[in-house]
Amino acid sequence: MADMQDNMKSGQDQHNCAVSNSADPKNMQELTTYVQTLLQGMQDKFQTMSDQIINRIDEMGNRIDDLEKNIADLMTQAGVDGPEK
């Protein structure tokens, strides 16, 4: 538990350093704008990654469907009965 709290404190220290080293906001409105921009950028990146994952899953599904069809065709050509469904 103490290790976890130490890790959280060191993580907060690193986060505080990162914020203070970047664009130093002069007031609360600038800070709010900065945080909103940062969060929007993160959301955009996650959306892009999500779209890429979904596209890859769809492609994999299509390839599996093609593979199943090819196996069924080969089994038909070989005169082997397909599995009963």
With every protein chain present, what accessible area does residue 59 have (1.4 Å probe, heavy atoms only), rounded to the nearest 10 Å²? 110 Å²
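In square nanometres, what is the average projected area of the Cα convex hull of segment 27-85? Intermediate values should be presented prior to the final figure.
Numbers: hull surface 21.4 nm².
That works out to 5.4 nm².
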Reported to the nearest 10 Å², residue 81 has, with a 1.4 Å probe, an accessible area equal to 130 Å²
Additional length obtainable on full extension of the chain from residue 76 to residue 46, 0.36 nm per residue less Cα span: 6.3 nm
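The values are calculated or read from the model by the stated rules, or taken from the named source; none is laboratory data. Just so it is clear, the model here is predicted, and its values are computed rather than measured. Side chains included, ligands, DNA and RNA excluded: accessible areas come from the protein's heavy atoms. Shrake-Rupley method; radii C 1.70, N 1.55, O 1.52, S 1.80 Å.
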